[in-house]
Amino acid sequence: MSVINKEELKELYDKDFPLWAEINLELLKEKAYELVDWENLLEEIEDMARSDLKACISHLAVILEHLYKWDNFKELAGGEAAGMGWIKSVENSRRRINTLFKNYPSLSSKLPCELHRAWNHAIDNLIEWLDENGYKPENFRIPETCPYTYEEAMTRDLRKELKP
């Protein structure tokens, strides 16, 4: 490994991330802790820890968005037949969340605390959907507070709500 000082290593973080990571790995293996770019390394570890939670939040946002569409825009979209895509999306998102929970069990206790964040993403998606379909989002009162509980988002069976 070429000799590099701490400041050069910090600059490398923005210029050549793979090389920055490789050098920090070598420094850690060599126990040259005083040369490690700790500030950026800790930030990267924190981002890694959050990435799977972000994925769960994203899937939960899809669930909330499609529950809300089912409850409020089914007729606007063409009835239950159009809503089948939403049902499948809810089921797929739940499956993906449960897979992440199997792989990373600690996420199952963190995701319920992120309902508000997921709802904010769902609101953005709902506004975009309304706009794309020729409706003025401001004509619809989408609540700022999530109208669903975490439990409902994860367990409500929309298929049971289909008309026979």
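The values are calculated or read from the model by the stated rules, or taken from the named source; none is laboratory data. All figures in this text were calculated on a predicted structure; none of them were measured in a lab. Heads up, the Cβs are rebuilt from the backbone with ideal geometry, glycines too, and the neighbour counts pull from every protein chain shown.
Of the conditions (1) of a type in the set (S, T, N, Q); (2) at pLDDT below 95; (3) in contact with a His (Cβ under 9 Å, 6 or more places away or on another chain), SER51 fails just one. Which one is it?
Against the list (1) of a type in the set (S, T, N, Q); (2) at pLDDT below 95; (3) in contact with a His (Cβ under 9 Å, 6 or more places away or on another chain), SER51 comes up short only on (3).
TYR148 fails exactly one of the following numbered conditions: (1) part of a loop (DSSP other than H, G, I, E, B); (2) exposed (fewer than 13 other Cβ atoms within 10 Å of the Cβ). What is the number of that condition?
Checking TYR148 against (1) part of a loop (DSSP other than H, G, I, E, B); (2) exposed (fewer than 13 other Cβ atoms within 10 Å of the Cβ), the one that fails is (2).
Residue pairs, Cβ under 6 Å, 6 or more apart or interchain, first in segment 70-84 and under 20 Å from LYS136 (Cβ atoms), second part of a helix (DSSP H, G or I) and at pLDDT 75 or above. List them.
LYS74/GLY83
If I filter segment 42-50 for residues that are surrounded by 12 or more Cβ atoms within 10 Å (Cβ to Cβ) and either farther than 27 Å from LYS110 by Cβ or of a type in the set (A, V, I, L, M) (or both), do I get at least one hit?
No, segment 42-50 has no match at all.
Which residue out of GLU43, GLU138, GLU128, GLU75 is assigned to a helix (DSSP H, G or I), outside the structural domain of LEU28 (by TED's automatic domain parsing) and closer than 30 Å to TYR13 by Cβ?
On the way: GLU138 fails: closer than 30 Å to TYR13 by Cβ; GLU128 fails: closer than 30 Å to TYR13 by Cβ; GLU75 fails: closer than 30 Å to TYR13 by Cβ.
Going through GLU43, GLU138, GLU128, GLU75 in turn, just one is assigned to a helix (DSSP H, G or I), outside the structural domain of LEU28 (by TED's automatic domain parsing) and closer than 30 Å to TYR13 by Cβ: GLU43.
Take TYR148 and tell me if it is of a type in the set (Ser, Thr, Tyr) and under 22 Å from GLY83 (Cβ atoms).
Criteria met by TYR148.
Here are some residues: GLU8, GLU91. Which one is among the charged types (D, E, K, R), out of contact with any His (no Cβ under 7 Å at 6 or more places or on another chain), assigned to a helix (DSSP H, G or I) and under 30 Å from LEU115 (Cα atoms)? Give the steps one after another, and end with the answer.
Details: GLU8 fails: under 30 Å from LEU115 (Cα atoms).
Answer to the check: GLU91.
For THR99, only one of the following conditions fails: (1) touching a residue at least 12 places away in the same chain (Cβ under 8 Å); (2) in a helix (DSSP H, G or I); (3) among the β-branched types (Val, Ile, Thr). What is its number?
Exception for THR99: condition (1).
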